[in-house]
Amino acid sequence: MSNADPILNNWYQDAETGRSFRVVAIDADGDSIEVQYLNGDIGEYDGTTWEDSAFFAAEAPDDWSAPFDDVELDDLGYSDPDRHGLDLQEVTLDDLLDENDT
């Protein structure tokens with residue numbers, strides 16, 4: 001009955017409950033699919049249950065990162081190119097010499 005195969009990190013919605021979730025792990029050997037719901041709850045399905053469920057592929061919600069603890073800043077598409085070092089345009093030779101004396 002499921003219209004979508006489970007794919008790691010893809011989002012799905014349960015047509016019966018309306019709950020959105022992301023597949024966070026797939027164990028083909030153990031035949032299990034671990035999911036994390038938008039509210040942070042963790043769930044697990046076996047392959048048969050997945051196929052019998054009314055899941056369909058869905059877009060990621062606007063604020064999908066809230067319940068996930070393993071999200072890195074770069075995963076969200078943000079990055080900080082500033083290395084927070086000295087601005088060499090404003091540093092004088094005396095500044096560099098003073099820094100080396102310490």
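What residues have an amide H closer than 5 Å to that of VAL35, excluding those fewer than 5 places away on the same chain, when H is modeled at 1.01 Å from N in the peptide plane?
VAL24, GLY43, GLU44, TYR45
By per-residue mean of other Cβ atoms within 10 Å, what is the highest-first order of 25-31, 90-96? Don't jump to the answer; show the numbers that get you there.
Values: 25-31: 11.0, 90-96: 9.1.
The packing order, highest mean first, is 25-31, 90-96.
I'd like to compare 11-18, 41-48: which one has the highest average count of other Cβ atoms within 10 Å, and what's the full order after that?
Working: 11-18: 14.8, 41-48: 13.1.
The most tightly packed comes first, giving 11-18, 41-48.
For labels at LEU97 and VAL24 in the simple 7 Å Cα→Cβ model, what's the distance in nm?
A separation of 5.7 nm, rounded to one decimal place.
Coordinate-derived values only; no laboratory data. Just so it is clear, the structure is predicted and the values come from calculations on it, not from any experiment. Ideal geometry is used to build each Cβ from the backbone, glycine not excepted, and the neighbour counts take in all protein chains shown.
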